[in-house]
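Bear in mind that the values in this text are calculations on the coordinates, not laboratory data. Quantities reported herein were computed from a predicted structural model and do not represent experimental measurements. Methodologically, a virtual Cβ is constructed for each residue, glycine included, from the backbone with ideal geometry; neighbour enumeration extends over all protein chains shown.
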Amino acid sequence: MKLYNTLTKTVDPFITHTENRVEMYTCGPTVYHFAHIGNLRTYMMEDVLERYLTFEGNTVHRVMNITDVGHLTSDADTGEDKMLKGAKREKKTVMEIGAFYREAFFEDCKKLNIKTPEVVVPATACIDEFIAVIESLLEKGYAYHAGGNIYFDTSKVKEYYTLTSHAADDLKVGVRDDVSEDENKRNKCDFVLWFTKSKFDEQELKWDSPWGIGYPGWHIECSCISMKNQGGYLDIHCGGVDNIFPHHTNEIAQSEAYLGHAWCKHWFHVHHLNDETGKMSKSKGEFLTVSLLEKKGYDPLAYRYFCLESHYRKPLTFSYEGLDNATKAYNKLINRIASIIPEGEVDEAVVKKYRADMIRTVGNDLNTAMGITLLYNILKEKVSSNTKRAVIDLIDSVLALSLLDKADARRKEAEDAAKAKAEAVKADDSHAGDPEAAMVEAAIAERLAAKKAKDFARADAIRAELLAKGIILTDIPGGTKWERK
Ligand code: AMP
Ligand code: ZN
């Protein structure tokens, strides 16, 4: 595959350290609140990437952290502690908040067909590893003590701004206006590896360390969790564009200082989802969540379709109008697939051609919109239904829109309704010419479907509605008879 690499700023061939094995790392959620649908855009595109790499025949070993300690409201060690903020808001403990929102995150992912990475590690489970890496960074002279905290010294690395195009001057204290933030820092971009002098007296989670009781900074967790589970060579690291600086920049600095060699070859960043007023954020009152979309009657997978229609490297603006259009298109696609009755031999040559088309399109910097176009193309082909289904299955192994499952369920529903109607009519053909026969038969069919779905309340309600119109139903073997009072 070819994929844009934030490190080289070009679309590069994706080459792994070990052939056919991909070590993939994903920055996980900070579990102090529900994920908004912007966060989930990022996880969804990372999921498509993982599925695509698997489609190409790779084994993907994917690791993700859960940030349950250390993340301040500003990514650069200033502001409030996010977990503490969540705990205060809900009058719960930090651990309770973390457990609740972690589960909520994976439930949202499930609804959006986002696979759970093979390894998921909360930061609070790796404190010993963080301490060991920080000790080593101190020994090697990449870190220093100041005011009770341990800082990473960014001036010690040759190229700090590998991912961004800041000027080297920005590194110096005093260059930027907001410099007085933390007087302990020797250089503007130095960052905290371990806090002992916390600004948050009520900090709940603290651990013993060689430098006193404290807790880790945010950036150290991803480097340590990745190196522990994936070794010293990472193939691809993912996140949203806001992670590029300072989070990923700091991850590179500390990992390479610790390892003594280049760490991760490929950096994948998903652009933001914005709402119509600007950047989406969790602090903006009622924010957009998967549950909110569901409450409004949307299928979460219609949101997945909405995201797949645009490219991951472009900002995307969310609107309900846009989601309505995506819902219509998604439903139309499912209905078209539902109208294909499975039959005929699978033409493997056609499947092979579409596999090549996938590599040419989705494999070219994850062009998911072209993946959707391929679905429409196969529907137009003059090939057997089973060939169409095999190609749809192949494409959907990457897009994960549950197309065949949804189409099959829809077809079965339609078949059941038609069968129910036919049964009802067959069982009672004594009303030919009755102007109300069609209405009664439709009601009988609906009642039968409700009974099959074990919705007895609805079935009883239909019977009562007909009775109110003077029509009495009697269940007989194989159907339902009706007569007037
Ligand atoms: P957080 O839970 O805040 O640590 O963020 C989780 C993920 O969502 C990170 O990879 C962020 O880069 C990403 N992210 C944050 N805001 C947005 C947004 N508006 N659109 C897309 N991704 C986002
Ligand atoms: Zn991270």
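Listed values, structure above:
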item: Full-extension gain in nm, E423 to N377, via 0.36 nm per residue minus C-alpha separation; result: 12.8 nm
item: Net charge, V241 excluded, C-beta distance under 14 Å - Lys, Arg +1, Asp, Glu -1; result: +2
item: Around R62: net Lys/Arg minus Asp/Glu count, Cβ-Cβ under 13 Å; result: -3
item: Residue-averaged [θ]222 nm for the chain, counting only DSSP H segments that reach four residues, each worth -39500 (n - 2.57); result: -14000 deg cm²/dmol
item: Cβ crowding within 10 Å averaged over residues, with 310-321, 215-226 ranked highest first; result: 215-226, 310-321
item: Cut-off 14 Å between beta-carbons: net charge of the residues surrounding E129, Lys and Arg +1, Asp and Glu -1; result: -2
item: In the range 327-387, the trypsin sites (Lys or Arg not before Pro) that fall in loop regions by DSSP, at most 16 other Cβ within 10 Å; result: K382
item: Order by protection proxy (mean Cβ within 10 Å, highest first), peptides 257-266, 204-213; result: 257-266, 204-213
item: Nearest-20 debye value, the range 332-485 charge dipole, Cβ charges on Lys, Arg, Asp, Glu; result: 220
item: Helix 37-55 axis, angle to the chain major axis (alpha carbon atoms, nearest 10°); result: 80
item: Two-site label geometry, D408 and F245: point separation in nm, points 7 Å out along Cα→Cβ; result: 5.0
item: Out-of-range pairs (alpha-carbon distance over 28 Å; input K110/K451; K88/K156; K9/K188; K91/K197; K140/K188; K158/K279); result: K110/K451; K88/K156; K158/K279
item: Cα long-axis angle, helix 127-139 against the chain (0 to 90 degrees, to the nearest 10); result: 30
item: Options G217, N20, Y52, ranked by Cα towards positive dipole end of the range 2-270, top entry (Cβ charges); result: Y52
item: Charge dipole magnitude, Cβ of K and R +1, D and E -1 - the range 265-330, Cα centre, debye nearest 20; result: 360
item: Given charges at Cβ of Lys, Arg, Asp, Glu: the range 295-405 dipole, positive-most of Y298, L399, N377; result: Y298
item: Burial order of peptide ranges 440-448, 70-78, 11-19 (average beta-carbon count within 10 Å, highest first); result: 440-448, 70-78, 11-19
item: Cα centre as origin, Lys/Arg/Asp/Glu Cβ charges: the chain dipole, Debye; result: 1160
item: Eligible aspartates and glutamates near K481 by straight Cα distance, threshold 18 Å, same-chain separation 8 or greater; result: E423, D428, D429, D434, E436, E441, E446, D460, E465
item: For the range 311-387: relative contact order, % (alpha-carbon pairs under 8 angstrom, 6 or more apart); result: 45
item: Dipole-positive endmost among H271, A453, T162 within the chain (Cβ charges, Cα centre); result: A453
item: Tally of Lys pairs whose C-alpha atoms are under 25 Å apart, taken over the range 295-405, 8 or more apart or cross-chain; result: 18
item: DSSP-defined antiparallel bridges as percent of all bridges, the chain, nearest 5; result: 50
item: Relative contact order (%) - criterion: Cα under 8 Å, at least six apart; region: the chain; result: 16
item: Cβ-Cβ FRET estimate between E348 and K279, R0 fixed at 45 Å, reported to 0.05; result: 0.40
item: Evaluated at q = 0.06, 0.09, 0.11 Å⁻¹: base-10 log I(q)/I(0), Debye formula over Cα of the chain; result: -0.38, -0.73, -0.96
